[in-house]
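Before any comments, here is the structure.
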Amino acid sequence: MGQSAEFGRFLKAMRSRLSPDEAGIPVASTGRRVPGLRREEIALLAGVSTDYYSRLEQGRNIHPSRSVLDAVARALRLDEGERAHMIDLLEHCAKSQRTPIHTESVRAALRQLLEAVGNVPALVLGRRTDVLAGNRLAYLLLADFPALPVEERNLTRWIILDPAARELFTDWHAVAAEAAGALRVDIGRHPSDPQANQLVGDLAVHSEDFRRWWAGHRVITTHAGTLRMRHPVVGDLELAFEDLAPLHDPDQTLRVFTAKPGSPSEDSLALLGSFGAEGPSVREVPREGKRGADRPATRELP
């Protein structure tokens, strides 16, 4: 295992959120100069020396055992997702910066699956939540990602920076904060990915909310949930989303949105599909900027 400054920053953020009361540590009458627990208090709870724990937070190149990591995770009250992220930061940060970043592509079978579920919105997301492919209804529901510049075809970027997304999601702050937390998981697994680091930098420059969320080191590993939307065409929607991981494409996710059978949202999705079949938004805008023929139900982004 290696070590990284990001790992140390994560430990510090987790320590600062934990109060002495939560950890069962008596608080002296004198004021505390740091939020949360002190380093020596976490070290005591984890059963390691203060010097050793300090070196962990300082990003020293040391090699903690799994038993030590488990003890630190328990002391910091990390949940399963946060613990996995902590391990990712250690295991992947030591990989060479020269590790090649391969261009992702969507297998033909996965594109066929998108076509097969064409009556519900579905996207294929890659690393960093890049939008790799989707069916027509997904683009009508969210955004016409193929028409965007290549660097903007990213779900997290769109959610956080596009005003249309802020208007679409009823609880935009919760949706955007969770997107930032999910992006942090990807960064932990692929710390040498320059495109991921560029994305984080762009989001930090343009979004004060993102800077605050990112500084909190929140980790989100939720792969299902409910989204409430106010769509500009069909009005209010309540949709469940489910993330499915193809076994042959570990860095890709199939995200499917569904409405409860017999609900008004199901009717609204059907209405949106019929509207899109006739409206101009179903037409493709090729990369050279000329408008082409009607796009097929499923498109893989170039």
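The values are calculated or read from the model by the stated rules, or taken from the named source; none is laboratory data. Since the model is a prediction, treat every value here as computed from it, not as a measurement. Heads up, the Cβs are rebuilt from the backbone with ideal geometry, glycines too, and the neighbour counts pull from every protein chain shown.
State yes or no: is Arg218 outside any helix (DSSP H, G or I), touching an Asp or Glu at 6+ places or on another chain (Cβ under 6 Å) and over 18 Å from Leu123 (Cα atoms)?
Spelling it out, it is not the case that Arg218 is outside any helix (DSSP H, G or I), touching an Asp or Glu at 6+ places or on another chain (Cβ under 6 Å) and over 18 Å from Leu123 (Cα atoms).
Can you tell me which residue within the range 211-232, out of those that are touching a Ser or Thr at 6+ places or on another chain (Cβ under 9 Å) and farther than 16 Å from Glu82 by Cα, is surrounded by the fewest Cβ atoms within 10 Å (Cβ to Cβ)?
The extreme case among them is Arg230.
Out of all the residues in the range 127-138, is one or more more than 20 Å from Ser207 (Cα to Cα), within 11 Å of the chain's Cα centre (by Cα) and of a type outside the set (Phe, Trp, Tyr)?
Scanning the range 127-138, I find at least one residue that is more than 20 Å from Ser207 (Cα to Cα), within 11 Å of the chain's Cα centre (by Cα) and of a type outside the set (Phe, Trp, Tyr), so the answer is yes.
For the range 162-172, what are the residues that are surrounded by fewer than 19 Cβ atoms within 10 Å (Cβ to Cβ) and assigned to a helix (DSSP H, G or I)?
Pro163, Ala164, Arg166, Glu167, Trp172
Which one is surrounded by the fewest Cβ atoms within 10 Å (Cβ to Cβ), of the residues in the range 244-260 that are under 30 Å from Thr103 (Cα atoms) and free of Cβ contacts under 8 Å to residues at least 40 places away in the same chain?
Applying the filter and picking the extreme gives Leu247.
If Thr30 satisfies all but one of (1) part of a loop (DSSP other than H, G, I, E, B); (2) modelled with pLDDT of 85 or more, what's the number of the condition it fails?
Condition not satisfied by Thr30: (2).
Cβ-Cβ under 9 Å, sequence separation 6+ or interchain: first residue in the range 261-274 and in contact (Cβ under 8 Å) with a residue 40 or more places away in the chain and under 11 Å from Asp236 (Cα atoms), partner of a type in the set (Lys, Arg) and surrounded by fewer than 20 Cβ atoms within 10 Å (Cβ to Cβ). Which pairs?
Short answer, once both residue conditions are applied: none.
I'm checking my understanding of the structure. Among residues of the range 34-64 that are touching a residue at least 40 places away in the same chain (Cβ under 8 Å) and not in a helix (DSSP H, G or I), which one is surrounded by the most Cβ atoms within 10 Å (Cβ to Cβ)?
For the range 34-64, the residue satisfying everything is Pro64.
Determine the pairs where a residue that is without any contact (Cβ under 8 Å) to a residue 24 or more places away in the chain, located within the range 132-151, has a partner that is outside any loop (DSSP other than H, G, I, E, B) and of a type in the set (A, V, I, L, M, F, W, C) with Cβ atoms under 7 Å apart, the partner being 6 or more residues away or on another chain.
What qualifies is Ala143/Trp158; Ala143/Ala164.
Yes/no per residue for (1) surrounded by 18 or more Cβ atoms within 10 Å (Cβ to Cβ); (2) under 30 Å from Ala259 (Cα atoms); (3) not assigned by TED's automatic domain parsing to the domain that holds Ser265:
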site	(1), (2), (3)
Arg66	no, no, yes
Leu114	yes, yes, no
Asn135	yes, yes, no
Ala143	yes, yes, no
Pro146	yes, yes, no
Ile160	yes, yes, no
Ala174	no, yes, no
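Residue under question is Asp251, and the condition is that it be of a type in the set (Asp, Glu), outside the structural domain of Ala84 (by TED's automatic domain parsing) and under 26 Å from Glu104 (Cβ atoms); does it hold?
Yes, satisfied.
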